[in-house]
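Beneath this line is the structure, given in structure tokens, with notes to follow.
The values are calculated or read from the model by the stated rules, or taken from the named source; none is laboratory data. Being a predicted model, the structure only gives us computed values, none of them experimental. Cβ placement follows ideal geometry from the backbone for every residue including glycine, while neighbour counts extend to all protein chains displayed. Just so you know, the surface numbers come from the protein's heavy atoms only, side chains and all, with ligands and any DNA or RNA stripped out. Shrake-Rupley method; radii C 1.70, N 1.55, O 1.52, S 1.80 Å.
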Amino acid sequence: MASEQVSAQFTGSSNQKWGDQKRGAIAAGHPKAAAAGAQILAAGGNAFDSAIAAVLAACVVEPMLTSLGGGGFLLAHSAEGEDTLFDFFTQTPCRQQIEGKVDFYPINADFGDTVQEFHVGLGSMATPGMVAGLIHIHKKLGRLPFSTLVEPAIELAKTGATVDEFRAYCFTILEPILTANASARAVYAPKGTLLKAGDTLAMPEMAEALLQLAKTGTAAFYRGEFAQQIVQACASGGYLTQADFDGYRVIERSPLRVNYRGTTLLTNPPPSSGGALIAFTLGLLEQADLNAVTPGSAAHLGILVNAMGLTNQARNDGLDTRLHQANSAESFLSAEHCAPYRQAFYQAVSQRVNKWGSTTHVSVIDREGNAASVTTSNGEGSTYVIPGTQIMVNNMLGEADLNPQGFHQWQPNRRMSSMMAPTLVLKDGQAAIALGSGGSNRIRTAILQVVSNMVDFHMPLAEAVAAPRIHWEQQVFNLEPGFNRSAIEATADWPVNQWLWWRQRNMFFGGVHAVAANPDGSLSGAGDRRRGGSHMIV
């Protein structure tokens, strides 16, 4: 990529006039992933080409957050005005019983301020959808050859990328997984100790795997050597068989459409729950006069806390068990179902004026009006690395958030639900903002707060993303630094059992990577520093 073709700002936000020479804007979770997408835009690719290239690169430089062995969702808005949600998330196995003992066990990840338990092993692996999804989307919406889109990722895998402070922090948190076996240690602790900031993360075997995918498409992964090795390994404690790979399909869905204070949002529909929960919370917030409060004040946080708490109650009121039923979103968001929660919210606000989340996100808008918002994940990784590829397979069957009915209680051969909620904001039918987040159960509250910051408080994109966040769940109130602690604690009157003031901004609160086409014709981008994000204007 010629440096004069691309203007890159990896921190904060930029505004540049949208002229004929500008091809688009991209935000991603790593500078190299953003650069890969920018390279494709500069070469004449559209937003969907750019997003695919960035995701492929992220699998190399953010392997603790996403993987070719994982899955995700891409929300697409075409220049012609067509909106499609591509669901390539993981699928539960066809069989629920195996001979012998299931290889499934817990590990603890220490964040410093909190500890989270994950479950890993061969029995935690669901059918991957990433490869099928990216190739399917390329065939439907891409412009450049797929072999061109994979080139930046191949080059990164061959030459390696320098581990920055954030990536080193991620490695430390996931050390029990990244050092669980010889295959994982060969990647993440090649000299006997875990890679640290300043070291080089190289993936030469993944370069060969990517090259093979570029040549054969889905055949190698789902019907060839990749699938065969996974199936063979699962004979010793996993659920996956060749039938799971043979039967995997990408699903195209109509996005969930949400209206909030005159703004139209598109997001992920059921059977994933994140989008419906965002819509529910926005429906509550719409009753509050946020113009009368100061952002970050006790009054503002009290409104958010009540909205989040009532949304959690509504979710527990059967949403998780109805996600695969027809019209589940319409029922959940219906006036009849929302009425008691809205009444409770109104009464509360009228009286006053846990976890890692191994996920990453890419947002792209191009000059033609195409927009892509894509969120992908590998869970934390199962510890199983496909031999000869350096690709770790997901542990989605071991994710508590994705298995609310309990582990091993999943329905066979069913698309898994997710909190991932790639989102687009439309203005006069055109894509104005593309955003999304990682962060497990904090995905929805992170996106919610950024959207509210922009719509209710008219914050610029970068300010809306950088503003301190909260998350309230199970009577624990998590707050980032940046709020007036003494004033909030002195005036807060909402019920929480535990206050958790974080010592510094943290990936716990998500990582919202966003781009915007502004009314004045300029482009904006913001990569969330909580997760090492970056953006580029091309």
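From the list 255, 269, the lone residue that is crowded, with 20+ Cβ neighbours inside 10 Å and closer than 23 Å to residue 409 by Cα is 269.
Contact map, the range 152-178: first residue more than 21 Å from residue 381 (Cα to Cα) and assigned to a helix (DSSP H, G or I), second residue open to solvent by 10 Å² or more (accessible area, probe 1.4 Å) and among the β-branched types (Val, Ile, Thr), Cβ cut-off under 7 Å, separation 6 or more or different chains; the map is empty.
Exactly one residue out of 165, 175, 155 is surrounded by fewer than 20 Cβ atoms within 10 Å (Cβ to Cβ), under 22 Å from the mean Cα position of the chain (by Cα) and closer than 24 Å to residue 55 by Cβ, and it is 165. Out of 319, 284, one residue alone is at pLDDT 85 or above, in contact with a Phe, Trp or Tyr (Cβ under 9 Å, 6 or more places away or on another chain) and buried (at least 19 other Cβ atoms within 10 Å of the Cβ). It is 284. Mind checking which residues of the range 246-262 are under 21 Å from residue 285 (Cα atoms) and in contact with a Phe, Trp or Tyr (Cβ under 8 Å, 6 or more places away or on another chain)? The answer is none; no residue qualifies. Assess whether residue 4 counts as being at pLDDT below 95, in a helix (DSSP H, G or I), open to solvent by 40 Å² or more (accessible area, probe 1.4 Å) and not hydrophobic (A, V, I, L, M, F, W, C). Spelling it out, residue 4 is indeed at pLDDT below 95, in a helix (DSSP H, G or I), open to solvent by 40 Å² or more (accessible area, probe 1.4 Å) and not hydrophobic (A, V, I, L, M, F, W, C).
The criterion of at least 1 residues that are surrounded by fewer than 16 Cβ atoms within 10 Å (Cβ to Cβ) is met, among strands (runs of 3 or more DSSP E) falling completely within the range 462-525, by 476-479, 498-501. In the range 83-114, the qualifying residues are those that are open to solvent by 50 Å² or more (accessible area, probe 1.4 Å) and either touching a Pro at 6+ places or on another chain (Cβ under 6 Å) or within 18 Å of residue 50 (Cα to Cα) (or both), and the one that is modelled with the lowest pLDDT is 96.
Condition first: open to solvent by 10 Å² or more (accessible area, probe 1.4 Å) and either among the small types (Gly, Ala, Ser) or at pLDDT below 85 (or both). Now tell me which residues in the range 293-308 satisfy that. Of everything in the range 293-308, those that are open to solvent by 10 Å² or more (accessible area, probe 1.4 Å) and either among the small types (Gly, Ala, Ser) or at pLDDT below 85 (or both) turn out to be 296, 297, 298, 299.
When the residues of the range 63-78 are filtered to those that are at pLDDT 95 or above and of a type in the set (A, V, I, L, M, F, W, C), the one that is nearest to residue 185 (Cα to Cα) is 68.
For residue 122, the requirement of being more than 21 Å from residue 229 (Cα to Cα), buried (at least 21 other Cβ atoms within 10 Å of the Cβ) and not hydroxyl-bearing (Ser, Thr, Tyr) is not met. Residues in the range 451-475 that are farther than 23 Å from residue 432 by Cα and of a type in the set (Phe, Trp, Tyr): 472 only. Looking for something modelled with pLDDT under 70, touching a Gly at 6+ places or on another chain (Cβ under 7 Å) and over 16 Å from residue 281 (Cβ atoms) - is there at least one such residue anywhere in the range 351-372? Yes, the range 351-372 contains at least one residue that is modelled with pLDDT under 70, touching a Gly at 6+ places or on another chain (Cβ under 7 Å) and over 16 Å from residue 281 (Cβ atoms). Taking the criterion of being of a type in the set (S, T, N, Q) and either open to solvent by 10 Å² or more (accessible area, probe 1.4 Å) or touching a Lys or Arg at 6+ places or on another chain (Cβ under 9 Å) (or both), no residue of the range 126-142 qualifies. For the range 404-416, the condition holds for at least one residue, the condition being that it is open to solvent by 10 Å² or more (accessible area, probe 1.4 Å) and either of a type in the set (Asp, Glu) or part of a strand (DSSP E or B) (or both).
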